[in-house]
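**Student:** I have a structure here, written as structure tokens, and I will follow up with some questions on it.
The values are calculated or read from the model by the stated rules, or taken from the named source; none is laboratory data. The shown structure was predicted, so the numbers you read here are calculated from the model rather than taken from an experiment. Note that we place each Cβ from the backbone using ideal geometry, even for glycine, and neighbour counts take in every protein chain shown.
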Amino acid sequence: MKVSYRSFTCSQGDIKVIYLFEDNLTFSKEEVNKHIVLANGRNLFNGKKGDLYTFTLDVNETIQTIILLGLGKEEDLTVDTIRKVTAKAIRKANELKVSTVFLRLPKTEVLQIEEMVKNATIAAQLAGYKFDRYKTNSKEENDLTVSIARCGLKEATPEIVSAIEEGNEVAKGIILARDLVNEPANVLYPETLAEEAVKAGKQNGFEVEVHGVEKIKELKMEAFYSVAKASEKEPKLIVMRYFGNPEQKGEILGLVGKGLTYDSGGYSIKPTSGMVDMKSDMGGAASVIGAMSIIANRQLKVNVVAVVAACENMISGGAYKPGDIIGSMAGKTIEIRNTDAEGRLTLVDAVNYVIEKENANEVIDLATLTGAALVALGDTTTAVVTNNDKFYGELKEASAYTGEKFWQLPSFDEYKEMVKSEIADLNNSPGRNAGTITAGLFIGEFVQNKPWLHLDIAGTAWADKKTDLTVKGGTGAPVHTLYELVKRRSK
Ligand code: BES
Ligand code: MN
Ligand code: ZN
């Protein structure tokens with residue numbers, strides 16, 4: 001989808017989308033105004049947030065389709081509203097199979113034009129997203145061209161051009177994460193996931209190093225390898241480096257994404273219903289690759305190293321078993337009580353690696369880690385466990401902008417006691433109670449008191465049904481927030 005900024009010259013077949021505030025239902029053109037008044041009179045369009053009303057006009061012997069789009073009250077306008085309503089209009093335009101859409105943004109003091117343009121671009125790209133590459137008779141995609149304009153502002157300023165570029169890149173990163181999550185596990189396994197990371201690195205300007213099983217053993221990543229060893233597919237340790245701030249080369253943010261390209265549960269096997277969507281158990285890895293792509297592409301002035309310990313959790317004669325006691329790169333021993341609590345095992349070695357070998361002094365890990373996160377917060381909100389309120393504050397600020405939701409869970413000492421084992425240092429599965437907290441705090445045992453955020457995206461990385469900006473499948477969460485958090489640090 002191509003998005004650009006230009007002044008209006010609508011022709012036949014094009015759709016014009018007019019954004020309107022509920023407290024100011026007027027438009028500069030008389031014929032349009034007439035329709036607004038009529039529709040409003042019959043309660044068909046009130047300008048409330050998300051209201052959508054379509055009609056056609058007769059212009060110079062041709063038909064012009066107009067979509068009225070409600071923004072709610074002007075004083076309440078946010079970028080979130082711009083994204084949500086724009087997505088609605090784009091879906092409608094795709095339904096109507098037009099080739100060109102003109103988005104006519106409102107004149108307002110509440111939001112900067114660049115902010116509106118950027119978020120309208122993101123929404124347009126995301127609303128057009130589909131994953132249909134495996135449908136042999138998928139219809140030709142409706143290739144929409146989107147033009148953005150605002151009354152009284154004919155020419156795009158350099159800032160507007162840059163806002164559209166940024167919007168496109170953000171959307172690309174999110175879409176990359178969605179695609180990776182949606183690829184089935186027979187296509188996307190550790191090696192091919194690593195290839196995708198290499199490709200993204202080449203395209204966007206970050207370095208990628210991929211290690212195989214030899215190096216994983218040499219690094220003594222026993223926790224990671226224990227999960228990986230039953231699979232026919234070789235595990236890969238994927239390391240992505242971006243150094244955009246050489247003046248402060250000691251400041252390194254570590255990103256760690258859970259990269260289970262498939263999770264059968266292992267000997268603590270999942271029922272089929274729980275296994276069928278487990279190709280998505282690399283949602284953390286996908287989001288890390290998506291976020292790195294945007295960060296590097298926009299050349300942010302920060303240093304970030306992302307690590308993915310990619311593998312499959314399978315069953316074989318060589319698999320790890322409930323009751324095993326294993327080691328880890330950090331030296332701590334772990335009693336395996338459930339082979340389906342595998343994510344934390346791969347993550348602790350990746351976290352230890354990014355701190356010890358890549359010198360990260362802050363860590364964010366993101367993982368589709370526990371079904372309990374879905375039980376606690378549903379599929380709209382990412383669960384957070386952290387040891388640092390300031391770091392959490394940064395996340396909340398970024399998320400207030402991106403609209404992705406996060407909520408912190410407590411990490412009292414009583415919970416920390418639960419991850420201890422009677423016969424080893426730690427226990428990988430203390431049971432159902434407080435499952436999301438104990439999974440997070442298990443990882444917390446390996447962060448060496450560095451500022452750390454653990455994001456359990458089991459609920460948010462995958463959508464069971466479509467919402468404003470997503471279709472069923474991978475959502476690309478929380479790519480946008482990761483990018484925004486890092487961008488706010490880039491000076
Ligand atoms: N990948 C799953 C968590 C998951 C479940 C993600 C549903 C998305 C949707 C994880 O590896 C897992 O199996 N967790 C167990 C942990 C338990 C054994 C302590 C769970 O949540 O049941
Ligand atoms: Mn599991
Ligand atoms: Zn898993």
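**Student:** Show the residue pairs that are 6+ apart or on different chains and have beta-carbon atoms under 7 Å apart, the first residue being within segment 462-491 and free of Cβ contacts under 8 Å to residues at least 40 places away in the same chain, the second being surrounded by 18 or more Cβ atoms within 10 Å (Cβ to Cβ) and among the small types (Gly, Ala, Ser).
**Tutor:** As it stands, the answer is LYS472/ALA463, since those pairs meet every condition given.
Here is a yes/no grid of residues against (1) crowded, with 22+ Cβ neighbours inside 10 Å; (2) more than 13 Å from ligand 1 (Cβ to nearest atom); (3) free of Cβ contacts under 8 Å to residues at least 12 places away in the same chain:
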| site | (1), (2), (3) |
| --- | --- |
| THR339 | yes, no, no |
| ASN352 | yes, yes, no |
| LEU366 | yes, no, no |
| GLY371 | no, no, no |
| THR436 | yes, no, no |
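**Student:** While we're on this one: Kindly indicate the residue of segment 320-337 that is surrounded by fewer than 19 Cβ atoms within 10 Å (Cβ to Cβ) and within 16 Å of ligand 3 (Cβ to nearest atom) and also nearest to the chain's Cα centre (by Cα) among those meeting that condition.
**Tutor:** Among those residues, the one meeting the criterion is ARG337.
**Student:** Determine, yes or no, whether ALA306 is of a type in the set (A, V, I, L, M, F, W, C) and within 16 Å of ligand 3 (Cβ to nearest atom).
**Tutor:** Judged against the criteria, ALA306 is not a match.
**Student:** Residues of segment 398-445 being of a type in the set (S, T, N, Q) and assigned to a helix (DSSP H, G or I), which ones?
**Tutor:** SER399, THR402, THR436, THR438, listed by residue number.
**Student:** OK, next. Do we find a residue being assigned by TED's automatic domain parsing to the domain that holds ALA194 and within 25 Å of ALA398 (Cα to Cα) anywhere in segment 309-328?
**Tutor:** No, every residue in segment 309-328 fails to be assigned by TED's automatic domain parsing to the domain that holds ALA194 and within 25 Å of ALA398 (Cα to Cα).
**Student:** Consider GLN299 against the criteria (1) closer than 18 Å to ALA439 by Cβ; (2) more than 12 Å from ligand 3 (Cβ to nearest atom); (3) out of contact with any Lys or Arg (no Cβ under 9 Å at 6 or more places or on another chain): it satisfies all of them except one. Which criterion is unmet?
**Tutor:** (1)
**Student:** Can you list the strands (runs of 3 or more DSSP E) lying wholly within segment 1-95 that have 1 or more residues being touching a Phe, Trp or Tyr at 6+ places or on another chain (Cβ under 8 Å) and surrounded by 13 or more Cβ atoms within 10 Å (Cβ to Cβ)?
**Tutor:** Strands (runs of 3 or more DSSP E) meeting the threshold: 15-20, 52-59, 62-70.
**Student:** For segment 332-385, give me the residue count where each residue is in a loop (DSSP other than H, G, I, E, B), closer than 18 Å to ASN427 by Cα and within 16 Å of ligand 2 (Cβ to nearest atom).
**Tutor:** The number of residues fulfilling the criteria is 9.
**Student:** What helices (runs of 4 or more DSSP H), lying completely within segment 112-208, carry at least 3 residues that are within 24 Å of the chain's Cα centre (by Cα), more than 22 Å from THR368 (Cα to Cα) and in the same structural domain as THR261 (by TED's automatic domain parsing)?
**Tutor:** The helices (runs of 4 or more DSSP H) meeting that bar are 190-204.
**Student:** Would you be able to say whether some residue in segment 395-410 is in contact with a Pro (Cβ under 8 Å, 6 or more places away or on another chain) and within 16 Å of ligand 2 (Cβ to nearest atom)?
**Tutor:** Looking through segment 395-410, none of the residues is in contact with a Pro (Cβ under 8 Å, 6 or more places away or on another chain) and within 16 Å of ligand 2 (Cβ to nearest atom).
**Student:** Which residues, taken from segment 313-331, are within 12 Å of ligand 2 (Cβ to nearest atom) and farther than 22 Å from THR436 by Cα?
**Tutor:** Correct list: MET314 only.
**Student:** Quick check on ILE148: is it of a type in the set (Val, Ile, Thr), within 23 Å of ILE15 (Cβ to Cβ) and in contact with an Asp or Glu (Cβ under 7 Å, 6 or more places away or on another chain)?
**Tutor:** It is false that ILE148 is of a type in the set (Val, Ile, Thr), within 23 Å of ILE15 (Cβ to Cβ) and in contact with an Asp or Glu (Cβ under 7 Å, 6 or more places away or on another chain).
**Student:** Is it the case that some residue within segment 290-299 is surrounded by fewer than 21 Cβ atoms within 10 Å (Cβ to Cβ), touching a Ser or Thr at 6+ places or on another chain (Cβ under 8 Å) and part of a loop (DSSP other than H, G, I, E, B)?
**Tutor:** For segment 290-299, residues surrounded by fewer than 21 Cβ atoms within 10 Å (Cβ to Cβ), touching a Ser or Thr at 6+ places or on another chain (Cβ under 8 Å) and part of a loop (DSSP other than H, G, I, E, B): absent.
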